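Input: a single structure, listed below in structure tokens.
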Amino acid sequence: MRVAMIGTGYVGLVSGTCFADFGHVVTCIDKDTTKIDALNNGKIPIYEPGLQELVAKNVDEERLFFTTDSSDAIRTADAIFIAVGTPTRRGDGHADLSYVYAAAEEIAGLLEGFTVIITKSTVPVGTGDEVEAIIQKTNPDADFAVVSNPEFLREGAAINDFKRPDRVVVGTEDDKAVEVMQELYRPLYLNETPIIVTKRRTSELIKYAANAFLAVKITFINEIADLCENVGANVQEVSRGIGLDNRIGSKFLHAGPGYGGSCFPKDTLALSKIAADAGSDLKIVDSVIEVNTARKKKMADKVVDFLGGDVNGKTIALLGLAFKPNTDDMRDAPSIDIVEKLQSCGAKIRAYDPASMEEAGKMMSDVLFCDGPYHAIENADVVVICTEWDQFRALDLERVKSLLKAPKVVDLRNIYKPDYMLSRGFEYTSVGRSY
Ligand code: UGA
């Protein structure tokens, strides 16, 4: 099949590359000339394990192309994906759909033959109807179907999530479009990955409901973590104890500093707005947003308390800045709130992250970005582990101790075991465990 992917951001680039790897001929389109030039020179604008190699392989095998000029690719496409950004609209929390609608207008006049237009971007319920109306209005003769096909990729694990998904969701009532979608996902269709074909509006809602449910799970365990600290229990054992019940499931029950990233914060907010507009009250989702926002700020208090209630003039080494490991994404990362609050209390911050320092530099000021974890720790009063990168699990703890002013660790991701740290002479605290 011939595929056009509009938007070469995270979702578009990963999906386009994986569709090419499924054997389709894919053209990834973006208005950003710098990005397309970089991709044509083998440079990948995002950090995603395995992506560079997969792009190179499919470019070499002439199935993957990058361009700023959409016209040829759109004219010849069997399937056109809209994978542009849907950021939070300034001021009201709704998703900003201007990029999606602009893409619909742009493709409408170019369509030739039956074409399936697929929204991959996370879009509010009813957006597919609007895209359909725009295309119909702009080009009344066009032969097309609009399908919702949300993505469920996690940053850092996106290629695996694309190739081995738990399910694929396809929202359309058009039989010809279903056939095209089955052909696009043929390797998954053949290996019997569940492919849910449903109404477009249902599919659009599945995406938001999935992300919101995961955010609920995380926030629930974070609140239980606070309770654990107050009653002398251990949140990791509570997670294990409840997660082994198949009805609950063990994933997304890791307590931490609060969820961040480009999806959960934006999508929970958008779902809350969608619900309010539809006259429904999503009290659980609203509480999750409130609790998570407060939690990120509260994490700095944990550090302050650990240092005896005053961090004025103290030096704090922050290990990990990205919202999670294996990404350079800093959007809504808990580290942003933590740094801001600690600085406002007079602390000096030395920081290290294996991938996100450039991004962090755009968002944080007066932070000393260091060359490595040991450089960050040098002469600091405390180490705060903010992101669970593997390399922080493998630190030489004797060296850490010798570099710190005092051997103090605040482990916001629970990557160490308390007994282990205490027996090695550290003063140690973490999340949801009592000492
Ligand atoms: C999330 C979803 O997991 C994907 O399925 C979805 O496709 C994507 O959003 C999207 O809508 O595009 P992502 O934001 O990449 O993916 O990251 P996650 O791995 O889900 O983590 C989100 C946040 O939750 C991170 O801050 C992470 O540290 C936190 N988290 C996750 C926890 O605090 N505890 C957990 O147990 C799991």
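Nearest 10 degrees is fine. How inclined is helix 10-21 to the longest principal axis of the chain, computing both from alpha carbons?
With both axes taken from Cα atoms, the answer is about 60 degrees.
Counting only residues 5 or more places away or on other chains, whose amide H sits under 5 Å from the amide H of Thr198 once H atoms are built in the peptide plane?
It is Val170, Gly171, Thr172, by chain and number.
If each DSSP helix of 4+ residues adds -39,500 (n - 2.57) and the sum is divided by the residues in the chain, what number results at 222 nm, nearest 500 deg cm²/dmol? Walk me through the numbers before you get to the answer.
Details: 19 runs with 199 residues, N = 435.
One gets -13500 deg cm²/dmol as the mean residue ellipticity at 222 nm.
Return the long-range amide H neighbours of Val409 (sequence gap of 5 or more, or a different chain), with a cut-off of under 5 Å between placed amide H atoms.
Val383, Glu427, Tyr428, Thr429
So if the hydrodynamic radius of region 327-430 is defined as the Kirkwood radius over C-alpha pairs, what does Stokes-Einstein give as its diffusion coefficient at 20 °C and 1.002 mPa s, in µm² per second?
The Stokes-Einstein estimate is 151 µm²/s.
Beyond a 30 Å Cα-Cα separation, which of these cross-linked pairs lie in this structure: Lys120/Lys362; Lys266/Lys408; Lys163/Lys362; Lys217/Lys405; Lys31/Lys57; Lys266/Lys341?
Pairs exceeding the cut-off: Lys266/Lys408; Lys163/Lys362; Lys217/Lys405.
Can you work out ³J(HN,Hα) from phi for every residue in region 75-92, in order, using Karplus 6.51 cos²θ - 1.76 cosθ + 1.60 and θ = phi - 60°, giving whole Hz and x for Gly and Pro?
For region 75-92, the Karplus-derived couplings read 4, 8, 6, 7, 9, 10, 9, 9, 10, 8, x, 10, x, 5, 5, 4, x, 10 Hz, x marking Gly and Pro.
Could you work out, for region 229-364, what percent of all Cα-Cα pairs fall into each 10 Å distance bin, beginning at 0 Å and stopping at the bin that holds the largest distance?
Per 10 Å bin, starting at zero, the Cα-Cα P(r) for region 229-364 comes out as 11, 31, 35, 19, 4, 0 percent.
Pop out the ³J(HN,Hα) list for region 292-297 in order, Karplus 6.51 cos²θ - 1.76 cosθ + 1.60 with θ = phi - 60°, rounded to Hz; leave Gly and Pro as x.
5, 4, 5, 4, 4, 6
Give the value in nm², to one decimal: projected area of the alpha carbon convex hull of region 158-239, averaged over all directions.
Approximately 7.1 nm², given one-decimal rounding.
Out of all DSSP beta bridges in the chain, what portion is antiparallel? Express it as a percent rounded to 5. Write out the running numbers ahead of the final one.
Values: 3 of 48 bridges.
Around 5 percent antiparallel, to the nearest 5.
Kirkwood-based Rg over Rh for region 211-309 (C-alpha set), two decimals?
Taking Rh as the inverse mean 1/r over Cα pairs, Rg/Rh reads 1.02.
Give the Rg/Rh ratio for region 53-188, taking Rg as the radius of gyration of the Cα atoms and Rh as the Kirkwood radius, to two decimals. Numbers along the way, then the final one.
On the way: Rg = 15.6 Å, Rh = 16.2 Å.
Ratio of gyration radius to Kirkwood radius for region 53-188: 0.96.
Quick one: Debye curve from the alpha-carbon atoms of the chain only, equal weights, vacuum; give me log10 I(q)/I(0) at q = 0.06, 0.08, 0.10, 0.14 Å⁻¹ to two decimals.
-0.29, -0.50, -0.76, -1.28
Relative to the longest principal axis of the C-alpha atoms of the chain, give the angle of the C-alpha long axis of helix 127-138, reported between 0 and 90° and rounded to the nearest 10°.
Helix 127-138 sits at roughly 40 degrees to that axis.
Determine, from the Cβ-Cβ distance of Arg399 and Tyr420 and an R0 of 22 Å, the FRET efficiency 1/(1 + (r/R0)^6), rounded to the nearest 0.05.
Efficiency at R0 = 22 Å is approximately 0.85.
Could you work out how far helix 334-344 tilts from the main Cα principal axis of the chain, as a 0 to 90 degree angle to the nearest 10?
40 degrees
Express the C-alpha Rg of region 287-371 as a ratio against the empirical globular expectation 2.2 N^0.38 Å, rounded to two decimals.
Against the empirical 2.2 N^0.38 Å value, I get 1.06 for region 287-371.
Amide H of Lys348 versus every other amide H placed in the peptide plane: which residues, excluding those fewer than 5 positions away on the same chain, fall under 5 Å?
Close amide H contacts, sequence-distant or interchain: Gly313, Lys314, Thr315, Ile316.
So what J values fall out for region 35-45 if you push phi through Karplus, 6.51 cos²θ - 1.76 cosθ + 1.60 with θ = phi - 60°, rounded to Hz, Gly and Pro as x?
Running phi through 6.51 cos²θ - 1.76 cosθ + 1.60 with θ = phi - 60° gives 5, 5, 4, 4, 4, 5, 9, x, 9, 9, x Hz.
What is the diffusion coefficient of region 242-299 in µm²/s, taking the Kirkwood radius over Cα pairs and the Stokes-Einstein relation at 4 °C with a viscosity of 1.567 mPa s?
Numbers: Rh = 13.0 Å.
Using the Kirkwood radius from Cα pairs, D works out to 100 µm²/s.
Round to the nearest 0.05 the FRET efficiency obtained for Tyr374 and Leu244 when R0 = 45 Å and r is the Cβ-Cβ distance.
Using R0 = 45 Å, I get an efficiency of 0.75.
So if I restrict to the alpha-carbon atoms in region 122-172, what is the Rg, and what is Dmax, the biggest pairwise distance, in Å?
14.5, 42
Rule-based calculations on the coordinates, nothing more; no lab input. Just so we're clear, the structure is a prediction, and the values are computed from it rather than from any experiment. When we count neighbours, we look across all protein chains shown, and the Cβ atoms used for this are built from the backbone with ideal geometry, even at glycine.
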